[in-house]
Amino acid sequence: MQPKDTTTNEGFKGFTNKTCPFLPCHQGVQREFNCLFCYCPLIAYECPGPYEVFTDKNGVKRKDCSSCTLPHDGYHQSWNFIQRWLEYPVVWSGHEQTDPPVRRPRPPGQEDGEE
Ligand code: SF4
């Protein structure tokens, strides 16, 4: 297997499932619709949203991500977004969407680093 950082084939960064009956499941996507992150890897972590918070039948607070296009808007862009936010994932506390959005968490001592 060729390491990801040397291959020129970037097919692993996204795809569009054109046979999915729910496509387009999020409105407002401008670029290629990326289905790779259909279940967003940030669902349990801090993220910039936008999301709504609801409580499920088991009393668990969850995100409703219907209005978010970040994991779907462009193969490269959504791939890079997810990789950056998973560099230092911080578990989401169940809080509401903030304005301005949550800043990307950084390790202690690097909080003021460049984006
Ligand atoms: S709001 Fe967007 S980035 Fe955050 S968990 Fe939902 S889909 Fe992922």
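Residue-by-condition table, conditions (1) in a loop (DSSP other than H, G, I, E, B); (2) out of contact with any Phe, Trp or Tyr (no Cβ under 9 Å at 6 or more places or on another chain); (3) loosely packed, with under 10 Cβ neighbours inside 10 Å; (4) among the aliphatic types (A, V, I, L, M):
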residue	(1), (2), (3), (4)
8	yes, yes, yes, no
16	yes, no, no, no
19	yes, yes, yes, no
35	yes, no, no, no
50	yes, yes, no, no
53	no, yes, no, yes
57	yes, yes, yes, no
63	no, no, no, no
> Restricting attention to region 51-75, and to residues there that are more than 13 Å from the ligand (Cβ to nearest atom) and among the β-branched types (Val, Ile, Thr), which single residue is farthest from residue 106 (Cα to Cα)?
Replying inline: 55
> residue 78 is checked against (1) more than 12 Å from the ligand (Cβ to nearest atom); (2) hydroxyl-bearing (Ser, Thr, Tyr); (3) touching a Gly at 6+ places or on another chain (Cβ under 7 Å) and fails just one. What number does that condition carry?
Replying inline: (1)
>> For region 81-94, check the following and say yes or no: at least one residue is at pLDDT 95 or above, more than 9 Å from the ligand (Cβ to nearest atom) and farther than 30 Å from residue 3 by Cα.
In response: yes
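Going residue by residue through region 72-81, is there one that turns out to be more than 17 Å from residue 12 (Cα to Cα), out of contact with any strand residue (DSSP E or B) (no Cβ under 7 Å at 6 or more places or on another chain) and not in a helix (DSSP H, G or I)? First the steps, then the outcome.
Taking region 72-81 first, the residues more than 17 Å from residue 12 (Cα to Cα) are none.
No.
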>> Going residue by residue through region 27-34, is there one that turns out to be within 13 Å of the ligand (Cβ to nearest atom), under 12 Å from the mean Cα position of the chain (by Cα) and modelled with pLDDT of 95 or more?
In response: yes
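The values are calculated or read from the model by the stated rules, or taken from the named source; none is laboratory data. These numbers come from a predicted model, not from an experiment. With ideal geometry, Cβ positions are generated from the backbone for all residues, glycine too; neighbour counts draw on all protein chains shown.
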